[in-house]
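A short worksheet on the structure shown next.
Each value in this text was obtained by applying a stated rule to the coordinates, not by laboratory testing. Treat the numbers as computed from the prediction; the structure is a model and nothing was measured. Using ideal geometry, Cβ is built from the backbone for each residue, glycine included, and neighbour counts are taken over all protein chains shown.
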Amino acid sequence: MRPFTYERAADALSAVKAVAENPGAKFLAGGTNLLDLMKLDIERPTHLVDVGRLPFAGVEEVNGGLRVGGAMVNSKLAAHPRVRELYPVLVRALVSGASGQLRNKATTAGNLLQRTRCAYFYDTTKPCNKRQPGSGCSALEGVHGSHDAIFGASKACIASHPSDMAVALTVLGASVETLTPSGASRTLAVQDLHRLPGDTPQVETDLAPGELITAVLLPPPPEGGQVYRKVRGRASYAHGIASVAVAGGRVALGAVAHKPWRAAHIEDALAAGASAVEAAEAELSKADRSDRNALKIALVGRLAAAAIEESKTRRTA
Amino acid sequence: MSSVKDWAAPNPITENRGGLIGKGVDRYEGRLKVTGSAPYAYEVDAPSRPAIGYMATAAIAKGRIARIDTKAAEASPGVLLVWSHLNAPAQAPRGTRANPRSQRPSNPVLASDRIENFGQTVAFVVADTFENARAAANLVEIEYAAEPGVVDFVASLDQADQPPGEEDVHIGDFPAAYAAAPVSVDETYESPIQNHVQMEPCATTAWWDGDKVTVHTSIQMVKGGQHALAETLAIPSADVHLLTRYIGGGFGGKGQAYDDLILAALGARALGRPVKLAYTRQQMFHGTIHRPAVSMRVRLGAQPDGRLTAFAVEATTHCARNAIFTEHAANFSRNLYAAPNRLTGHRLVKMDLPGAGPMRAPGEAPGMLSLECAMDELAEKLGLDPIELRIRNEPEVDPETGKPFSVRQLVRCMREGAAHFGWERRKAQPRQVRDGRWLVGMGMAAAIRGNFLLPAKAGVRIDADGIITLRQGMTDIGTGTYTILAQIAAETMGVPMEQVKVEMGDSDFPPAPGSGGQFGAATAGSAAYDAGMNLRKALTELAVGDPNSPLYGGPAEYVTFENGNIAIENRSETLAALVARAAPEGVYVEGSISPAADARDYSQHTYGAHFAEVGVDVVTGEVRMRKMFGVFAAGRILNAKTAKSQITGGMIWGVGTALTESNVVDPRYGSFINQDMAGYLVPAHADIVDLDAVFLDEADDKANPMGIKGVGELGICGAGAAVANAIYNATGVRLRDYPMTPEKVLAGMLAVGL
């Protein structure tokens, strides 16, 4: 861990300004990802601005939906009665993530901004364009295929986004509310928050330097059953090999791309009356096929089709 | 030398008048551990505040350090010392033994510019704080001259050779019998590299007092650690005081001294103050040993009635080029099933990977994954129940040596396990049971693991307050050794548990070989029992020779020890009263155990039977345990609670073996892909449901005076095969490549059209 300075933000605007003015600064909330990465010399901030105690930890009713504070911890969000009532897909996604201890610390905004779990990103002896832009991507020819992106990857990066929560937020059409360094706030759909890797996989979101996620806005739940399913090597506390969120006719996929993946082709096919299997095929036929990901593509297709079928048996929120 | 016949007579342990033997006594040190107040090696109180060490590690698998620049690290805040191979203190060359009796040779660190494996220690920083030490270590600049290495096991199988000094075992004519067998199986099973992932990483706190060094370290073998440090530093072992009082898991991975021990001691000497050093979680993966991958070919030839006529288990594995170790994955099969024509043996590839070494039932754990699945495959071909097939091949004597078994209850384990588990619910045809999205299946496997007794000593003293203190250079790696030694001492002396103290993990104490190979309880415990018997003798002499004792003059052979009293019929006094009066300075005696001269005349093992029920997600290939049950026969059980905890812990490792645990070498770099516990998956709580185990009543009077045997490794033996067989029974997909991850199961399901 490199030496760094620390301040606890008095209010959101001063936090935003403090980070915007200092290229080495980062926000700290739950710290469940950032502090680990600092210990491993992967993240090297020179200054931390602690926003974990700002008053953004509540849930409010807004226009038939909910507004969730960015600093609300995952376990509280998953246990919130209104969230449980309206968004079972979000609850399932939240409790599928990490461990109980981590969910007690990790925040809503921080969960969205967690970094990839690609093993090569974590091993600082290996090239990684996220860690060291221009050094190359070790994962491209690496030995671990199960977490690789199958949509929207580039020669510079095939890492996937690890969040479960973000997949549910994507399927629910949620957006983030941010505070920008100018003091203005703006709203950005979760599905537009993260970027595909392209040539700059180190740039992971469309947030400006210093821009702070203050809330997540959940619109009223769509009609139809909600399902979240995650495939993983053990029953808990494991990163997904793949996941799928379904809410009514909407479908999003997790651990398949550099961002939570809204499966537009599935949705279009379902809207056109396709079966679940046909709809899944419509999306997976567009995947970036390689000799190492055929099994994952098959898995995601089966998983998506099964979840769509299952959603038909679930109550509407 | 003693004979096993000497152990047949009743004694205080086998008579168990106090009822402490077998009782589920709570852990002796449990309160300390659950309150966080048991000081582990990194947490002990040193004479002054320790400086903190941190290791920088190699980024290549093989080659040399072309240039190393430590200037930035030296200038970093708080740094007290930076060493590389250029300026590290002189140490004895690797492998030397100045004292031929040393149990471990020299193991120097930073000894040259050579890199022999990824993750090798290449620099050592000591600073005032952990954070400063780590930050400085990250500033060490190294240029490597890399050389090609052998790092890909599968691609290097053609380099496999006979392990040094070993030969295949041929009995009868295997090739002819196999060729003639009407029913046969010929399959190869793959077990991957596995890591121990002990909860506590290796760690040492060291300080010097003149020429003598005190080290608190996390190691399974006290003497081995003491000797390795003494040899490396080229000092007398008497100048090394090694303590290892609490150990957060070993699993075989802490059977040897690592760089933390050497560097902490060297750093403390150079700085004249205590130094402590721990491996990080990530460093443990390459910086300590692992279980090597094993490729196992099993060939079984049987008659239509199921009797095996030809039997071969051949294992190919690997080890580090300069640290020969063989995972003896075929050995267990030499004692398990009858077959007149037999072939077993091993091949070894020397590789440029970190050291391979013992881990959780070395040999059996990966080995049984092969044969116990092959038996399942053979049973199906024969149309026999897997238990029935095993019963038809139950040998009357050891199938390799012809020696009698000391006691063997394998068949009873299988039968009682089947009845309790509900094995009759299993469908012989696979893929017959569906529960929602789950395909449900059952599997079983036998378990066998050798039993051992090694030489050991123990010291026991009684003080004027009646407190009995057992001292032994033994270790408790979380298994319950403190507790069972306290039970043995209390039962031998006829006192309540509260009257016994156990002190261990100290090189000044009478030596015991430590924890490993499931020999710990029998070995250390037998020496403790013997010391107790010697103390009884000493106290008897004291009492009958003391005119002030109510036992004065009484016949020594009638003296009993019960309820804290020494007595002859109705004449008695407390041990405390006797000692306070007749030996107020206390009485100290020692005891010992050695293997009986005729112990090798018997085939001596522990046995068991595993039963598993799994669900396989028909969409994703995810396997989830539904039920697991084991029946074990392992001699007299000392502590129902700690023994069950050990045996079920082994079964859980078996689940990990079957489903999740694996490391993979990236051949481009010669490094393991998984370097933390987010990538290297062991079972979590949610993976383990409805898991239970029982022990059969047993006493093995050929084992040791107490008739006990080890349970530390038996639980994992065969467990993973039971899970694999259940996956087959659920899906009809026969996987032979562990672990059975969702990807592999799905690939198998796709191949059969599921």
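What is the mean number of Cβ atoms from other protein chains located within 10 Å of the Cβ atom of each residue in peptide B:674-680, rounded to a whole number? Walk me through the intermediate numbers first.
Values: counts 4, 5, 6, 1, 9, 9, 0.
Partner-chain Cβ atoms within 10 Å, mean over residues of B:674-680: 5.
Tell me the GluC sites (Glu not before Pro) within region B:525-591 that lie in a loop according to DSSP and have at most 15 other beta-carbon atoms within 10 Å.
Sites meeting the loop and neighbour criteria: B:E569, B:E585.
Under a no-solvent Debye model with one identical scatterer per Cα of region B:661-733, what's log10 I(q)/I(0) at q = 0.15, 0.18, 0.20 Å⁻¹?
For the requested q values the scattering log ratios are -0.86, -0.99, -1.06.
Under the classification rounded if a/c is under 1.5, otherwise prolate if a/b is larger than b/c and oblate if not, where does chain A fall, given a ≥ b ≥ c as square roots of the Cα gyration tensor eigenvalues? Write out the running numbers ahead of the final one.
Working: a/c = 1.88, a/b = 1.19, b/c = 1.58.
It comes out oblate by the Cα gyration axes.
So between B:Q432 and B:K501, what do we pick up on full extension, going 0.36 nm a residue minus the alpha carbon distance? Mind dumping the intermediate values first?
On the way: separation 69, 0.36 × 69 = 24.84 nm, distance 5.63 nm.
So the chain would gain 19.2 nm between B:Q432 and B:K501.
Mind jotting down the distance between the C-alpha centroids of region B:114-170 and region B:523-590, whole Å?
56 Å
Would you list B:S156, B:S37 from fewest to most Cβ contacts within 10 Å? Don't skip to the answer; put the middle values down first.
Values: B:S156 16, B:S37 10.
By the 10 Å Cβ count, ascending: B:S37, B:S156.
Once you have the Kirkwood Rh of region B:283-408 from its Cα pairs, apply Stokes-Einstein at 10 °C and 1.306 mPa s and quote D in µm²/s. Please report the intermediate quantities before stating the final value.
Values: Rh = 15.7 Å.
Reported coefficient: 101 µm²/s.
Say a paramagnetic label sat at a point 7 Å from the Cα of A:D199, along Cα to Cβ; which residues of region A:108-134 have their backbone N under 16 Å from it?
The answer is A:129-130, A:133-134, whose backbone nitrogens lie closer than 16 Å to the label point.
Measuring from a point 7 Å past the Cα of B:S592 along Cα-to-C-beta, which residues in region B:444-483 have an amide N at less than 14 Å?
Those under the cut-off are B:454-459.
May I ask which of B:K644/B:K709; B:K457/B:K644; A:K230/A:K296; B:K23/B:K641; B:K223/B:K537; A:K130/A:K259 have a Cα-Cα span longer than 18 Å here?
Numbers: B:K644/B:K709 14 Å; B:K457/B:K644 27 Å; A:K230/A:K296 13 Å; B:K23/B:K641 8 Å; B:K223/B:K537 29 Å; A:K130/A:K259 14 Å.
Pairs exceeding the cut-off: B:K457/B:K644; B:K223/B:K537.
If exposed GluC sites (Glu not before Pro) are those in a DSSP loop with at most 12 other Cβ within 10 Å, what is the longest stretch of chain A that has none?
Longest site-free region, per DSSP loop and neighbour criteria: A:22-222.
Residues of region B:213-251 with the amide nitrogen closer than 12 Å to a label point 7 Å from the Cα of B:N99, along Cα-to-Cβ, please.
B:223-242
Could you check how many percent of all C-alpha pairs in region B:1-142 are farther apart than 27 Å? Could you put the intermediate results ahead of the total?
On the way: 5244 of 10011 pairs.
That tail contains 52 percent of the Cα-Cα pairs.
Summing -39500 (n - 2.57) over the DSSP H runs of n ≥ 4 in the protein assembly as shown and dividing by its residue number, what mean residue ellipticity at 222 nm do you reach, to the nearest 500 deg cm²/dmol? Don't skip to the answer; put the middle values down first.
Values: 30 runs with 283 residues, N = 1071.
Mean residue ellipticity, 222 nm, calculated: -7500 deg cm²/dmol.
Using only alpha-carbon positions, what ratio does the radius of gyration of region B:57-141 give when scaled by 2.2 N^0.38 Å?
1.22
For B:V694 and B:L32, FRET efficiency with R0 = 30 Å and r from the beta-carbon atoms, rounded to 0.05? Intermediate results must be reported in sequence, preceding the final value.
On the way: r = 30 Å, r/R0 = 0.99.
That gives a FRET efficiency of 0.50.
If you build the convex hull over the alpha carbons only and average its shadow over all orientations, what do you get for region B:163-320? Give it in nm² to one decimal.
Values: hull surface 52.0 nm².
Taking a quarter of the hull surface, the average projection is 13.0 nm².
Check cross-link reach from B:K427 to the lysines: straight Cα distance under 19 Å, and skip same-chain residues fewer than eight apart.
Within the straight-line cut-off, B:K427 pairs with B:K381, B:K627.
What distance in nm lies between label points placed 7 Å from Cα along the C-beta direction at B:S156 and B:K381?
With each label point 7 Å from Cα toward Cβ, the separation is 3.3 nm.
What do you get for Rg/Rh over region B:113-157 if you use C-alpha atoms and the Kirkwood form of Rh? Could the numbers behind the result be given before it?
Values: Rg = 15.2 Å, Rh = 13.2 Å.
In region B:113-157, Rg relative to Rh is 1.15.
Which distance in Å, rounded to a whole number, links the C-alpha centroids of region B:49-110 and region B:604-630?
One Cα centre to the other: 45 Å.
Quick check on the exposure proxy: order B:H328, B:H286, A:H80 from fewest to most C-beta atoms within 10 angstrom.
A:H80, B:H328, B:H286
With label points built 7 Å along Cα→Cβ from the Cα atoms of A:Q101 and B:D45, find their separation and express it in nm.
2.7 nm
What shape does region A:105-253 have by the C-alpha gyration tensor, where a ≥ b ≥ c are the square roots of the eigenvalues, rounded means a/c under 1.5, and otherwise prolate means a/b greater than b/c and oblate the rest?
Details: a/c = 2.06, a/b = 1.22, b/c = 1.69.
Judged from the Cα gyration tensor, region A:105-253 comes out oblate (a/c at least 1.5, b/c at or above a/b).
Remind me, what semi-axes does chain B give for its equivalent ellipsoid, largest first in whole Å, using sqrt of 5 times each Cα gyration tensor eigenvalue? Kindly include the intermediate steps, with their values, before the conclusion.
On the way: eigenvalues 349, 297, 98 Å².
Square roots of five times the eigenvalues give 42, 39, 22 Å.
Work out which helices of chain B, taken as complete DSSP H runs, extend at least 20 Å along their axis over the Cα atoms and score a mean Kyte-Doolittle of -0.5 or more, then list them.
Working: long enough: B:364-382 (26 Å, 0.14); B:520-544 (35 Å, 0.33); B:640-659 (28 Å, 0.38).
Both cut-offs are met by B:364-382, B:520-544, B:640-659.
Tell me the label-point distance for the pair B:R425, B:R571, using the 7 Å Cα-to-Cβ offset, in nm and rounded to one decimal.
6.4 nm
May I ask for the net charge around B:E15, where only other residues with Cβ less than 15 Å from the Cβ of B:E15 are counted and Lys, Arg are +1 while Asp, Glu are -1?
Values: positive: B:R17, B:K23, B:R536, B:R636; negative: B:E491, B:E562, B:D701.
So the surrounding residues net to +1.
Round to the nearest 0.05 the FRET efficiency obtained for A:R82 and A:R314 when R0 = 22 Å and r is the Cβ-Cβ distance. Before the final figure, lay out the partial values.
Working: r = 18 Å, r/R0 = 0.83.
That gives a FRET efficiency of 0.75.
Test of understanding: ordering B:L384, B:L300 by Cβ neighbours within 10 Å, fewest first, what list do you get? Could you put the intermediate results ahead of the total?
On the way: B:L384 20, B:L300 27.
Ascending Cβ contact count within 10 Å gives the list B:L384, B:L300.
Using only Cα atoms, locate the centre of region B:399-443 and the centre of region A:84-134, then give the distance between them in Å, rounded to an integer.
Each part reduced to its Cα centre gives a spacing of 41 Å.
What is the ratio of the Cα radius of gyration of the protein assembly as shown to 2.2 N^0.38 Å, with N the residue count, to two decimals? Display every interim value, and only then the final one.
Values: Rg = 31.2 Å, N = 1071, 2.2 N^0.38 = 31.2 Å.
My calculation over the Cα atoms of the protein assembly as shown gives 1.00.
Pull out a ≥ b ≥ c, the square roots of the eigenvalues of the alpha-carbon gyration tensor of region A:38-140, then state rounded if a/c is under 1.5, prolate if not and a/b is larger than b/c, and oblate in the remaining case. Let's see the in-between values first.
Numbers: a/c = 2.73, a/b = 1.99, b/c = 1.37.
Judged from the Cα gyration tensor, region A:38-140 comes out prolate (a/c at least 1.5, a/b above b/c).
Rounded to the nearest 0.05, what FRET efficiency do B:M677 and B:R67 have when you use their Cβ-Cβ distance and R0 = 35 Å?
Details: r = 34 Å, r/R0 = 0.98.
After rounding to 0.05, the efficiency reads 0.55.
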